[in-house]
Amino acid sequence: MDKSEAILKINQLRELLKENSYRYYVLNAPTMSDYDFDQAMKALEALEAQFPELITPDSPTQKVGSDLERGFAQYPHRYPMLSLGNTYSIQEVEAFAQRADKALGKGFTYCCELKFDGTAICLNYVDGKLFRALTRGDGVVGDDVTANVRMISNIPHTLKGKGWPRDFEIRGEILMPFAAFERLNAEREEIGEAPFANPRNAASGSLKLLNPQEVAHRGLWCTLYHIPSQSVAFRTHDEALAAAADWGLPVSDLRRLCNGISEIEDYIEYWDTERKKLPYATDGIVIKINEMEYQTALGFTAKSPRWAVAYKFQAERALTRVLSIDYQVGRTGAVTPVANLEPVPLSGTVVKRATLNNKDWMEQLDVRVGDSVWVEKGGEIIPKITAVELSKRPSDSVKAAFPEVCPDCGTALVSREEEAKWFCPNQDGCPTQIKGRLEHFLSRKAMNVIAGEATVNQMYNLGLVSTPADFYDLDERSLLMLESWKEKSVKRFLDSLEASKQTPFEKVLYALGIRFVGESTAKELAAHFGDVDSLAGASLEELRAVGDVGDVIAASVYEYFRDPRHMAMIERLRAHGLRFSAAAPQAKASDALAGQTIVISGNFSISRDAMKALIEANGGKNSSSVSGKTSFLLAGEKAGPEKLRKCEELGVKVVSEKEFMDMIPSAAAPAVPAIEKEPTLFDL
Ligand code: IVH
């Protein structure tokens with residue numbers, strides 16, 4: 001290749017890598033597989049090696065990807081946070097071992113570890129207390145996510161044992177275990193939000209949430225694997241990790257000391273299959289020189305240490321055939337193409353269906369019925385079709401045509417600018433959408449009425465219900481029309497429906513199924529506005545002023561309440577006795593908080609004003625800032641990170657809403673719904 005060709009190719013590769021780095025680290029929605037990304041990086045490295053004069057400091061080969069985001073304070077890393085050289089071949093691992101042998105002679109060992117597939121974190125402990133947590137950022141400066149990290153259950157706020165340095169750093173990975181990932185995605189799909197592609201994206205997206213309280217519910221988990229040698233004095237990496245484990249830090253004990261390449265290969269082979277049994281994602285093995293002295297001698301390149309290398313597992317894939325393509329209409333009207341496949345075993349399960357995401361994606365891949373396709377599990381979970389085996393395409397195959405009309409009701413589909421999806425706009429006439437909304441209304445996290453998909457289907461087909469308000473008009477006689485329903489099942493359903501009238505406002509709001517209004521947004525809106533009339537009357541500006549509500553959610557809520565049919569349905573539900581306002585605190589006095597100065601921060605299940613009134617009604621004093629005189633901080637959702645940090649600094653106690661309610665006589669506390677146990681997949 002001549003130089004002018006190389007310049008062209010280098011520029012193309014740099015663009016591609018930068019774009020995907022941004023999608024990976026910042027948007028948490030990569031469009032390129034890790035393997036393709038690594039191959040493109042290798043191609044760029046090779047070209048730059050051939051034409052070193054073309055290397056620029058901002059080339060992706062010289063920098064680690066950046067996850068920096070607005071909304072977080074940023075701090076420089078004490079020691080740069082680098083990445084690792086990657087390889088997919090055992091030969092390259094052998095070459096790494098040979099280089100080490102040559103450079104170090106005899107007398108060194110390797111420490112082999114799993115390569116955890118999450119998002120990197122750097123923890124700084126000072127005087128045995130967690131002081132600061134930074135993301136990798138661009139490797140030089142990281143985002144301060146301390147408040148969020150404090151919500152991760154296996155990260156200690158205070159170290160145990162003794163012997164820890166007064167001020168040191170330890171690095172590792174924040175992961176989202178598969179179970180938490182599946183639960184989160186199920187919730188997101190239920191409210192029409194795009195699911196995360198894999199647990200890694202879910203982990204980094206969750207770590208960057210602006211509301212620490214929400215992070216607490218995401219089930220994140222941490223594993224630590226590196227103490228910079230400048231930070232502590234140990235002879236070996238393994239000893240440093242063992243000491244960290246003694247201090248109560250979460251260090252994986254799946255590492256193994258190896259004496260040479262054959263032991264390394266055994267470790268790789270063992271974990272290539274065993275890792276599938278782990279409850280979290282791993283994407284390879286990291287091989288490190290164990291002796292600190294040798295690590296220091298080998299040093300670093302601009303991007304990675306010379307004393308370590310990562311061997312990455314190939315994503316598992318399987319070849320199978322497309323039997324048909326379905327176009328599924330969701331409750332929001334979004335139409336998703338789904339391929340039905342000849343069942344094929346892959347990573348422990350049998351794959352029968354794979355999503356084709358949306359029209360653009362499907363057309364880009366040009367998947368056709370009858371095609372042989374490669375199926376991969378993105379992050380080991382969601383099966384997706386990554387490529388078509390064109391050599392096996394039947395000669396008579398025809399291009400799959402994404403429908404122009406709704407497969408259910410025949411209405412012409414529309415696209416929305418901000419989304420890649422196509423929608424059926426016939427919200428009030430499309431049976432699938434109507435049934436989807438009815439099911440959502442009754443679902444466990446909404447009105448919690450015992451009735452499943454089949455029941456709703458029958459009710460709808462018999463013409464008994466078409467809007468949620470219709471459920472409350474149902475009587476015994478009409479319910480007996482349902483197949484195999486007897487007096488007992490009718491009574492059970494009617495009792496459950498009656499009980500649902502006590503459902504708190506925030507859940508009723510969620511049950512309405514307003515686009516983009518999930519459980520936590522519904523909670524925020526209910527707490528902020530107090531009742532449906534104030535919410536319905538709110539301007540776009542007022543809506544945007546609420547917690548996490550951005551332009552898209554504000555517009556969706558605003559439009560929902562501008563539709564007279566929605567308002568009429570709400571009136572009917574209100575007439576049936578459903579709750580459309582948050583329970584008001586009763587001003588019953590007690591002395592339970594006498595002499596206590598309390599600072600409140602964040603959102604609660606009642607409005608902040610109501611909470612302040614409750615404090616005063618029980619003899620407490622409200623104050624706006626944390627100081628030595630503060631008795632405790634009452635922290636709700638989205639409590640201010642600065643306030644939390646100040647409390648940590650001054651040793652001021654932080655009390656949750658639930659703990660606070662236990663401090664005051666129950667008659668003085670408003671009817672706050674009991675905090676439910678998070679449902680597991682088996683409950684759903
Ligand atoms: S050591 C100086 N050990 O992989 C290098 N990294 O692709 C320190 N990772 O940035 C990193 N598991 O986020 C190390 N056992 C492990 C790891 C690991 C996962 C991540 C880490 C790193 C990335 C490089």
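The values are calculated or read from the model by the stated rules, or taken from the named source; none is laboratory data. Source: prediction; values computed, not measured. A quick note on method: Cβ atoms are made from the backbone with ideal geometry, for glycine too, and the neighbour counts reach across all protein chains shown.
Kindly list the number of the only condition in (1) away from the ligand (no atom under 14 Å from the Cβ); (2) assigned to a loop (DSSP other than H, G, I, E, B); (3) of a type in the set (Val, Ile, Thr) that fails for VAL93.
Here VAL93 clears every test but (2).
Restricting to the stretch 517-572, count the residues that are surrounded by 15 or more Cβ atoms within 10 Å (Cβ to Cβ), small (Gly, Ala, Ser) and part of a helix (DSSP H, G or I).
Adding up the residues that qualify gives 8.
Scan the stretch 300-353 residue by residue and report those that are over 24 Å from the mean Cα position of the chain (by Cα), assigned to a loop (DSSP other than H, G, I, E, B) and buried (at least 19 other Cβ atoms within 10 Å of the Cβ).
Matches in the stretch 300-353: TRP307 only.
Which residue pairs have Cβ atoms under 9 Å apart, sit 6 or more places apart or on different chains, and have a first residue in the stretch 457-486 that is in contact (Cβ under 8 Å) with a residue 60 or more places away in the chain and a second that is surrounded by fewer than 14 Cβ atoms within 10 Å (Cβ to Cβ) and in a loop (DSSP other than H, G, I, E, B)?
Cβ pairs passing all conditions: THR467/ASP428; TYR472/GLY577.
Based on what the data block shows, is GLU637 more than 32 Å from the chain's Cα centre (by Cα), of a type in the set (Asp, Glu) and either over 18 Å from LYS658 (Cβ atoms) or buried (at least 21 other Cβ atoms within 10 Å of the Cβ) (or both)? If you could, list the steps in order and put the result at the bottom.
Numbers: more than 32 Å from the chain's Cα centre (by Cα): no; of a type in the set (Asp, Glu): yes; either over 18 Å from LYS658 (Cβ atoms) or buried (at least 21 other Cβ atoms within 10 Å of the Cβ) (or both): yes.
No; evaluated as a whole, the condition is false for this residue.
For the stretch 279-291, which residues satisfy the criterion of being within 13 Å of the ligand (Cβ to nearest atom) and more than 15 Å from ALA97 (Cβ to Cβ)?
Applying the first criterion (within 13 Å of the ligand (Cβ to nearest atom)) to the stretch 279-291 yields 280-290.
The answer is TYR280, ALA281, THR282, ASP283, GLY284.
Among the residues of the stretch 195-238 satisfying the criterion of being charged (D, E, K, R) and within 16 Å of the ligand (Cβ to nearest atom), which is farthest from GLY172 (Cα to Cα)?
Here is the first cut: in the stretch 195-238, the ones charged (D, E, K, R) are 200, 208, 214, 218, 235, 238.
Those still in the list that are within 16 Å of the ligand (Cβ to nearest atom) too: 200, 208, 238.
Working: ARG200: 14, LYS208: 16, ASP238: 14 Å.
So, considering only residues that are charged (D, E, K, R) and within 16 Å of the ligand (Cβ to nearest atom), the one farthest from GLY172 (Cα to Cα) is LYS208.
Working only within the stretch 174-208, note down all residues that are of a type in the set (D, E, K, R), surrounded by fewer than 24 Cβ atoms within 10 Å (Cβ to Cβ) and in contact with a strand residue (DSSP E or B) (Cβ under 9 Å, 6 or more places away or on another chain).
Step one: list which residues in the stretch 174-208 are of a type in the set (D, E, K, R), which gives 182-183, 187-190, 193, 200, 208.
Going one step further and asking which of them are surrounded by fewer than 24 Cβ atoms within 10 Å (Cβ to Cβ), we end up with 182-183, 187-190, 193, 208.
Within the stretch 174-208, LYS208 is the sole residue that qualifies.
Give GLY128, GLY71, GLY65 a once-over and let me know the one that is more than 15 Å from ALA203 (Cα to Cα), within 16 Å of the ligand (Cβ to nearest atom) and touching a residue at least 12 places away in the same chain (Cβ under 8 Å).
Numbers: GLY128 fails: within 16 Å of the ligand (Cβ to nearest atom); GLY71 fails: within 16 Å of the ligand (Cβ to nearest atom).
Result of the check over GLY128, GLY71, GLY65: GLY65.
Just to verify a result, which residue in the stretch 216-231, among those that are buried (at least 18 other Cβ atoms within 10 Å of the Cβ) and of a type in the set (A, V, I, L, M), is farthest from ALA147 (Cα to Cα)?
Taking the candidates together, the pick is ILE227.
Looking only at the stretch 435-489, which residues are part of a loop (DSSP other than H, G, I, E, B), among the basic types (Lys, Arg) and in contact with a helix residue (DSSP H, G or I) (Cβ under 8 Å, 6 or more places away or on another chain)? Working first, answer last.
Initial filter on the stretch 435-489 (part of a loop (DSSP other than H, G, I, E, B)): 443-452, 462-467, 472-475, 480-486.
When the remaining residues are screened for being among the basic types (Lys, Arg), the result is 444-445, 486.
Scanning the stretch 435-489 gives a single hit, LYS445.
So, of the residues in the stretch 236-264 that are at pLDDT 95 or above and of a type in the set (D, E, K, R), which turns out to be nearest to GLN98 (Cα to Cα)?
Within the stretch 236-264, the match that is nearest to GLN98 (Cα to Cα) is GLU263.
Which one is surrounded by the fewest Cβ atoms within 10 Å (Cβ to Cβ), of the residues in the stretch 103-125 that are within 16 Å of the ligand (Cβ to nearest atom) and of a type in the set (Gly, Ala, Ser)?
ALA120
Spot the failing condition for LYS115; the list is (1) charged (D, E, K, R); (2) under 24 Å from the mean Cα position of the chain (by Cα); (3) assigned to a loop (DSSP other than H, G, I, E, B); (4) closer than 24 Å to ASP238 by Cα, and only one is missed.
(3)
Here are some residues: MET41, MET32. Which one is in contact with a strand residue (DSSP E or B) (Cβ under 9 Å, 6 or more places away or on another chain) and closer than 26 Å to GLN314 by Cβ? It would help to see each step written out before you state the result.
Numbers: MET32 fails: in contact with a strand residue (DSSP E or B) (Cβ under 9 Å, 6 or more places away or on another chain).
The match here is MET41.
Which of the residues spanning the stretch 292-326 are out of contact with any strand residue (DSSP E or B) (no Cβ under 8 Å at 6 or more places or on another chain), away from the ligand (no atom under 13 Å from the Cβ) and not hydroxyl-bearing (Ser, Thr, Tyr)?
Answer for the stretch 292-326, where residues must be out of contact with any strand residue (DSSP E or B) (no Cβ under 8 Å at 6 or more places or on another chain), away from the ligand (no atom under 13 Å from the Cβ) and not hydroxyl-bearing (Ser, Thr, Tyr): GLU293, ALA297, GLN314.
So is LYS312 of a type outside the set (Gly, Ala, Ser) and within 30 Å of GLU113 (Cβ to Cβ) or not? Break it down stepwise before answering.
On the way: of a type outside the set (Gly, Ala, Ser): yes; within 30 Å of GLU113 (Cβ to Cβ): yes.
Yes: the conditions hold for LYS312.
State whether one or more residues within the stretch 612-632 are within 24 Å of MET151 (Cα to Cα), surrounded by fewer than 22 Cβ atoms within 10 Å (Cβ to Cβ) and in contact (Cβ under 8 Å) with a residue 40 or more places away in the chain.
The answer is no; no qualifying residue exists.
Return the total of residues in the stretch 45-70 being farther than 30 Å from LYS208 by Cβ and buried (at least 18 other Cβ atoms within 10 Å of the Cβ). Before the answer, list the steps.
Pass one, the stretch 45-70, residues farther than 30 Å from LYS208 by Cβ: 46-55.
If we keep only those that are buried (at least 18 other Cβ atoms within 10 Å of the Cβ) as well, we get 47-48.
Counting residues in the stretch 45-70 that are farther than 30 Å from LYS208 by Cβ and buried (at least 18 other Cβ atoms within 10 Å of the Cβ) gives 2.
Yes or no: ASP36 surrounded by fewer than 17 Cβ atoms within 10 Å (Cβ to Cβ), within 16 Å of the ligand (Cβ to nearest atom) and at pLDDT below 85? Full working, then the answer.
Working: surrounded by fewer than 17 Cβ atoms within 10 Å (Cβ to Cβ): yes; within 16 Å of the ligand (Cβ to nearest atom): yes; at pLDDT below 85: yes.
In short, yes.
Need a quick list: helices (runs of 4 or more DSSP H) entirely within the stretch 158-268 having at least 3 residues that are within 23 Å of ARG23 (Cα to Cα). Spell out how you get there, then give the answer.
Details: elements: 178-190, 199-207, 212-216, 237-246.
The qualifying helices (runs of 4 or more DSSP H) are 178-190, 199-207.
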